[in-house]
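Trainee: Input: one structure, supplied below.
The values are calculated or read from the model by the stated rules, or taken from the named source; none is laboratory data. Keep in mind it's a predicted model, so treat the numbers as computed, not measured. Neighbour counts run over all protein chains shown; Cβ positions are idealised from the backbone, glycine included. When the accessible area is computed, the model is the full protein with side chains, heavy atoms only, and any ligands, DNA or RNA have been set aside. Shrake-Rupley method; radii C 1.70, N 1.55, O 1.52, S 1.80 Å.
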Amino acid sequence: MLRIEGYVIVSADGMLADASHVMPEALKFKGDLEFFTAGLDHADVVVHGRNSFEDQPNSPLRKRVRLTRRVAALERDPENEKATLWNPAGASFEDACAHAGVRDGVAAIIGGPSVFEMFLDRYETFWLSEAPHVRLPGGEGCFPGVPDSSPQAVLAAHGLQPGEVRILDAENGVRVTAWRRAR
C-alpha cells in the first residue's frame, strides 16, 4: 500500500510561487532544501504537475508520475525513462504508480495546487514548511482557495492535525510542521 506524503514551502501568505507561477529565490532556504531532498530520497515515487519539479543531484534517478491532460490515461514520458505521464481522467492513481513500477512505499506529492488538492483526503503526512518573513502578493496559493483560507485551515478541514515542528532555518524563522491524518 502506498503512503502518501505532501511537501511544500509557503510564504507567510500561503503562496508557493509568485504571480508568474515560479518559485522565487526568496522562498528558497538551505535547510528546507535539505529537508525536501531527504524526503524525496526516501520516496519510492514523486508525483507532480507540469510546473513543479525538483532540481537536485538525485532527481534523474527518481521514478515519477507527472500529471497531464496530453495523454488519454497513462504513457511513458518520451523525455524521461523514469517518468510516467498520467491523466487522472483516464486512470487511477494506483494504476499510474503501478505503471511507474511502484505498488507500495512512499509517494511524495510535490505540487502544484491542483495536484496537492487531489490528495487532501489521502495524505498520511503533509510536510508544510513556512517562511514567515516572505510575502508573495498576487502569487499562487499552495491549495485552491488560498489565501482566502490559510494552508493550515485547508489541511485541518481535511482531517489532518499539526504535529511535530522542526526549525529548518532559525535565522529566517523557517520551520516545517508535520500535518498527520487523525487516527
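Trainee: Scan region 78-90 and tell me whether some residue there is open to solvent by less than 50 Å² (accessible area, probe 1.4 Å), of a type in the set (D, E, K, R) and over 21 Å from C142 (Cα atoms). Let's see the steps before the verdict.
Mentor: Here is the first cut: in region 78-90, the residues open to solvent by less than 50 Å² (accessible area, probe 1.4 Å) are 80, 83-87, 90.
Narrowing the set further to residues that are of a type in the set (D, E, K, R) leaves none.
No.
Trainee: Name the one entry in L2, L33 that is within 22 Å of D121 (Cβ to Cβ) and either within 15 Å of the chain's Cα centre (by Cα) or surrounded by 15 or more Cβ atoms within 10 Å (Cβ to Cβ) (or both). Talk me through it step by step, then tell me what you get.
Mentor: Values: L33 fails: within 22 Å of D121 (Cβ to Cβ).
One residue alone meets the criteria, L2.
Trainee: Does region 100-112 hold any residues that are open to solvent by less than 20 Å² (accessible area, probe 1.4 Å) and either of a type in the set (D, E) or not in a loop (DSSP other than H, G, I, E, B) (or both), and which are they?
Mentor: Within region 100-112, G105, V106, A107, A108, I109 qualify.
Trainee: Could you check region 9-30 and list, in sequence order, the residues that are on the phi > 0 side of the Ramachandran plot and either surrounded by fewer than 19 Cβ atoms within 10 Å (Cβ to Cβ) or hydrophobic (A, V, I, L, M, F, W, C) (or both)?
Mentor: The one that is on the phi > 0 side of the Ramachandran plot and either surrounded by fewer than 19 Cβ atoms within 10 Å (Cβ to Cβ) or hydrophobic (A, V, I, L, M, F, W, C) (or both): H21.
Trainee: Looking only at region 11-52, which residues are part of a helix (DSSP H, G or I) and either farther than 24 Å from N80 by Cβ or in contact with a Cys (Cβ under 8 Å, 6 or more places away or on another chain) (or both)? Explain how you work it out, then say what you get.
Mentor: We begin by selecting, within region 11-52, every residue part of a helix (DSSP H, G or I); these are 25-27, 30-41.
Of everything in region 11-52, those that are part of a helix (DSSP H, G or I) and either farther than 24 Å from N80 by Cβ or in contact with a Cys (Cβ under 8 Å, 6 or more places away or on another chain) (or both) turn out to be E25, A26, L27, K30, G31, D32, E34, F35.
Trainee: Same structure again: Determine which single condition A83 fails, assuming it passes every other condition in (1) within 17 Å of the chain's Cα centre (by Cα); (2) at pLDDT below 95; (3) closer than 30 Å to N172 by Cα; (4) not basic (K, R).
Mentor: (3)
Trainee: Evaluate the following for R122: is it of a type outside the set (S, T, Y) and assigned to a strand (DSSP E or B)?
Mentor: The answer is no for R122.
Trainee: In the list A98, A108, which residue meets the criterion of being aliphatic (A, V, I, L, M), closer than 25 Å to D18 by Cα and at pLDDT 95 or above?
Mentor: Details: A98 fails: closer than 25 Å to D18 by Cα.
Just one listed residue meets the conditions, A108.
Trainee: Here are A72, A96, A153: which of them is in a helix (DSSP H, G or I) and open to solvent by 10 Å² or more (accessible area, probe 1.4 Å)? Before you say what the answer is, go through the steps one by one.
Mentor: Numbers: A72 fails: in a helix (DSSP H, G or I); A96 fails: open to solvent by 10 Å² or more (accessible area, probe 1.4 Å).
That would be A153, the only listed residue that is in a helix (DSSP H, G or I) and open to solvent by 10 Å² or more (accessible area, probe 1.4 Å).
Trainee: Return a yes/no flag: does region 156-178 have any residue that is part of a helix (DSSP H, G or I) and either aliphatic (A, V, I, L, M) or open to solvent by 40 Å² or more (accessible area, probe 1.4 Å) (or both). Talk me through it step by step, then tell me what you get.
Mentor: Taking region 156-178 as the starting set, the residues that turn out to be part of a helix (DSSP H, G or I) are 156-157.
From what is left, the residues that are either aliphatic (A, V, I, L, M) or open to solvent by 40 Å² or more (accessible area, probe 1.4 Å) (or both) are 156-157.
Yes; the residues of region 156-178 include at least one that is part of a helix (DSSP H, G or I) and either aliphatic (A, V, I, L, M) or open to solvent by 40 Å² or more (accessible area, probe 1.4 Å) (or both).
Trainee: Between a residue in region 105-129 that is among the basic types (K, R) and any residue that is open to solvent by less than 20 Å² (accessible area, probe 1.4 Å), which pairs come within a Cβ distance under 8 Å, given they are 6 or more apart or on different chains?
Mentor: R122/I4
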